[in-house]
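To keep things clear, I will list the structure first and then write my remarks on it.
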Amino acid sequence: MKNVLLAVFLMVTSSALHAETAEEKGLSISQEAQRRDNGWADLKATMVMVLRNSRGEESSRRVEIRSLEVAGDGDKSLTIFSYPADIKGTAFLSHTHPTRPDEQWLYLPALKRIKRISSSNKSGPFMGSEFAYEDLASQEIEKYSYRYLRNVTYQGQDHFIIERYPEYKRSGYKRQVVWLDVEHYRVTKIEFFDRKDSLLKVLTCHGYTQYLGRYWRANEMRMENKQTGKSTVLQWSDYTFQSGLSDRDFDRNALKRIR
Amino acid sequence: MISIVTRSNGFDEVLRCLRVGCSWKLSVVAIVLSGITQMVTAASSIDGNVRADVRYFLDTSEHRLQSNQISTVLTIEPSWRYESVDRQQLFRMSLSGRVGNIDSQQDAANVKELLFSKFSDDWEFHAGIGQFFWGVTESQHVVDIINQLDLVQDIDGEEKVGQAVVNLTKFTDVGTLDLFLLPGFQERRYPGMKGRLRTQLPVDSALTRFESAAGRHRLDLAARVFDTFGAGELGVSVFSGTSRAPQLSPAVNAAGIAVLAPYYPVMFQWGIDAQYTRNDALWKLEAIRRTVGGSAYYAVTGGIEYGIYGIFETDTDLSVLFEPSFDSRALAAGPFDRDVFVGLRLSFNDAQSTEIVGGLLADTDRSSRMVNLEASRRLGADWTMKLQARLFRNISFDDPLSAYRADSFVTWRLSRFF
């Protein structure tokens, strides 16, 4: 009995002494989400983008994506465009870093030319879509500061809502409000607020599937621009984890193998 | 000094080699063929494009017998690609064929690529006919030397002819090392009598001469080391072989007509190309030291490409380019002796990938100006359209561009991709 009382006393005092701030809780939720997604090593997937303008006209894009998890640094990714045909074989290589600028290269197959490009264009649209480069980039913990807001029930499941503020230069956003489900720490919704703090875009993620008994990936991501009425749907397929990709598949020379 | 696509190609070289039986070349062919046969279960794909170029010249032609018609050229460029399942071997083939209405020299067939590649962890081996690009600048490519240029559609030097090659790439601690054996040389082809954008006197390829006793069969050599240092990238290259650009001198041909005779000297070239990428700016430098016929000269191009993203709070990006060029020869063989290039690129980042590009090349000690304007966009999913205007203005008579003084043009290009 005495021990139980002591335990209760210790719990009360420790939580009083170390009352977690909203910032700390926001960070720890993000770190936990990151921790649960560690160790996937490498990944291949196909992404189809369906762009819809405010008049409802659609056009589509297809890209092959390969990613490599890098311990202690940002991930590496290779994006190979396969549709429309006029950009087939064009490829985009990115070595991301948590704090210093990313290194990026573009491969132009008609000229067989590899061009090192500036990585400071964060907020520009990716292939004319409603997704900005920064939305599709590797989401390292250090790229944002965080604040926990509250828990809500969303789509029948308990969710954390956290706010995150870009800490990198040239973001198009003042802040993002992120919904993560409490059970699996999966992002189910993000509201993007522009530099003037007006709601710009809403992302929702659908059809989460678990791979290798651990890693959750969405089959579909819908981005709606609330200011222009345009939208983009990303349909993901052919997820392949741990197929043995190495640094060599993500170096500059690998671009020349594409086409 | 306008030249057009050559009709001969590296494939002829391989066939010639098979006939005369040069042993090392044969072993390369054997490796290539064995690689191809191993790809029975390989993944393959076919793609390419068909396009029409309709070109209207703004001024009446100046040179004798030159055509005043609207030029129409139809081009087809199919390519095939086979990759082994283990991704260790790759075979690529890319062809180009075209027909035009003005000048028989517009009709051309070319093997752009017929390349077998083998990949390992720390090396790559490529053999066949290939295309290579070295360099960083946009207005001209002084370091880039492996391929003969294919200037039939445009004089910008971005289109190339395939080069017979054996290339070994080795990944080392000091960067990526590339070694090239280049058997077989391809001559530049020039427009015929009727062609526009030609030299004042037509070039007669029947009068072609080479410095090398081996002529077009000289084995040229090249090497390059390239490395990335964080924000910086540096390439150092060396080339020993037949100059891709000929020296043209007046002559009288067998028919008694005044023409230009091409002479291809042997040259030696050191090159460096470097880029430093910081924030929105790409700082670029290309320089060569070239020794031809016992005398050496330098050529340098460098400058900055600066990106402004999301101008006027739109999705449009603007890139500004500024590239001065210098050539140590008193009167350079090209238009880049003491010139400045200023360029703008507007990318609208829309669903149709609309882009507008403008460039001005201005000679700093003469009045000569060359202006290039291009606007392009995708139509539906499989088509693209491009409008281009190239204007030659105030071209002085001693300028290498002077033969084009009356050749300002507007081109409409429609392409279908498959």
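The values are calculated or read from the model by the stated rules, or taken from the named source; none is laboratory data. Since the model is a prediction, treat every value here as computed from it, not as a measurement. With ideal geometry, Cβ positions are generated from the backbone for all residues, glycine too; neighbour counts draw on all protein chains shown.
Checked against the criterion of being part of a strand (DSSP E or B), away from chain A (no Cβ under 14 Å) and in contact with a helix residue (DSSP H, G or I) (Cβ under 9 Å, 6 or more places away or on another chain), segment B:397-409 contains not a single residue that satisfies it. Whenever a residue of segment A:226-249 is within 13 Å of A:Glu69 (Cβ to Cβ), its partners that are among the hydroxyl-bearing types (Ser, Thr, Tyr), lying with C-beta atoms within less than 6 angstrom and at least six residues away or across chains, give the pairs A:Phe241/A:Tyr211.
Before we move on, is A:Tyr173 in contact with a Ser or Thr (Cβ under 6 Å, 6 or more places away or on another chain) and either in contact (Cβ under 8 Å) with a residue 40 or more places away in the chain or among the hydrophobic types (A, V, I, L, M, F, W, C) (or both)? Criteria not met by A:Tyr173. Cβ-Cβ below 8 Å, separation at least six or inter-chain, first residue in segment B:297-322 and outside any strand (DSSP E or B), second of a type in the set (Lys, Arg) and surrounded by 15 or more Cβ atoms within 10 Å (Cβ to Cβ): which pairs? As it stands, the answer is B:Tyr309/A:Arg170, since those pairs meet every condition given.
Looking only at segment A:128-141, decide whether some residue is within 9 Å of another protein chain (Cβ to nearest Cβ) and either in contact (Cβ under 8 Å) with a residue 60 or more places away in the chain or within 29 Å of B:Phe418 (Cβ to Cβ) (or both). Scanning segment A:128-141 turns up at least one residue that is within 9 Å of another protein chain (Cβ to nearest Cβ) and either in contact (Cβ under 8 Å) with a residue 60 or more places away in the chain or within 29 Å of B:Phe418 (Cβ to Cβ) (or both). Scanning segment B:160-188 for residues that are within 25 Å of B:Met93 (Cβ to Cβ) and assigned to a loop (DSSP other than H, G, I, E, B), we see that the one that is nearest to the other protein chains (Cβ to nearest Cβ) is B:Gly162. Selection of segment B:303-319 for residues being farther than 18 Å from B:Ile356 by Cα and either of a type in the set (Val, Ile, Thr) or at pLDDT 95 or above (or both) yields B:Gly303, B:Ile304.
The single condition among (1) surrounded by 14 or more Cβ atoms within 10 Å (Cβ to Cβ); (2) over 25 Å from A:His95 (Cα atoms); (3) more than 16 Å from the chain's Cα centre (by Cα) that A:Val233 does not satisfy is (3). Whether a residue is at pLDDT below 95 and buried (at least 21 other Cβ atoms within 10 Å of the Cβ) was assessed, and A:Gly74 passes this test. Within segment A:203-225, the set of residues being free of Cβ contacts under 8 Å to residues at least 12 places away in the same chain and among the polar types (S, T, N, Q) comprises just one member, A:Gln210. Whether any residue in segment B:220-229 is farther than 20 Å from B:Val165 by Cα, among the aliphatic types (A, V, I, L, M) and not in a loop (DSSP other than H, G, I, E, B) is what I want to check. No, that holds for no residue. Among the residues of segment B:164-184, the ones that are aromatic (Phe, Trp, Tyr) and at pLDDT 95 or above come to 1 in all. Residues in segment A:235-255 that are closer than 22 Å to A:Arg214 by Cβ and more than 13 Å from every other protein chain (Cβ to nearest Cβ): A:Trp236, A:Ser237, A:Asp238, A:Tyr239, A:Thr240, A:Phe241, A:Gln242.
From the list B:Thr301, B:Thr354, the one residue that fits, being within 14 Å of chain A (Cβ to nearest Cβ) and polar (S, T, N, Q), is B:Thr354.
A quick yes/no check of all residues on (1) more than 13 Å from chain B (Cβ to nearest Cβ); (2) closer than 20 Å to A:Asn121 by Cβ; (3) out of contact with any Gly (no Cβ under 6 Å at 6 or more places or on another chain):
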position: A:Ser171; (1), (2), (3): no, yes, yes
position: A:Gln176; (1), (2), (3): yes, yes, yes
position: A:Leu180; (1), (2), (3): yes, no, yes
position: A:His184; (1), (2), (3): yes, no, yes
position: A:Val187; (1), (2), (3): yes, no, yes
position: A:Met223; (1), (2), (3): yes, yes, yes
position: A:Thr232; (1), (2), (3): no, yes, yes
position: A:Arg257; (1), (2), (3): no, no, yes
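Counting residues in segment A:116-124 that are aliphatic (A, V, I, L, M) and under 19 Å from the mean Cα position of the chain (by Cα) gives zero. Across segment B:287-304, the qualifying residues are those that are under 18 Å from B:Ser240 (Cβ atoms), over 20 Å from the mean Cα position of the chain (by Cα) and among the hydrophobic types (A, V, I, L, M, F, W, C), and the one among them that is surrounded by the most Cβ atoms within 10 Å (Cβ to Cβ) is B:Val292. So, in segment A:69-94, exactly how many residues are of a type outside the set (Phe, Trp, Tyr), part of a strand (DSSP E or B) and out of contact with any helix residue (DSSP H, G or I) (no Cβ under 7 Å at 6 or more places or on another chain)? Counting residues in segment A:69-94 that are of a type outside the set (Phe, Trp, Tyr), part of a strand (DSSP E or B) and out of contact with any helix residue (DSSP H, G or I) (no Cβ under 7 Å at 6 or more places or on another chain) gives 5. Would you check if there is a residue in segment B:189-203 being surrounded by 16 or more Cβ atoms within 10 Å (Cβ to Cβ), more than 14 Å from chain A (Cβ to nearest Cβ), modelled with pLDDT of 95 or more and in a strand (DSSP E or B)? No: zero hits.
Restricting attention to segment B:373-418, report how many residues are of a type in the set (Phe, Trp, Tyr), surrounded by 15 or more Cβ atoms within 10 Å (Cβ to Cβ) and more than 30 Å from B:Trp80 (Cβ to Cβ). The total comes to 3.
Results for (1) within 20 Å of B:Val161 (Cα to Cα); (2) within 14 Å of chain A (Cβ to nearest Cβ); (3) surrounded by 20 or more Cβ atoms within 10 Å (Cβ to Cβ); (4) not small (Gly, Ala, Ser), shown as yes or no for each residue.
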position	(1), (2), (3), (4)
B:Ser243	yes, no, yes, no
B:Ser249	no, no, no, no
B:Ile257	no, no, no, yes
B:Leu260	no, no, yes, yes
B:Tyr263	yes, no, no, yes
B:Val266	yes, no, no, yes
B:Thr277	no, yes, yes, yes
B:Asp280	no, yes, no, yes
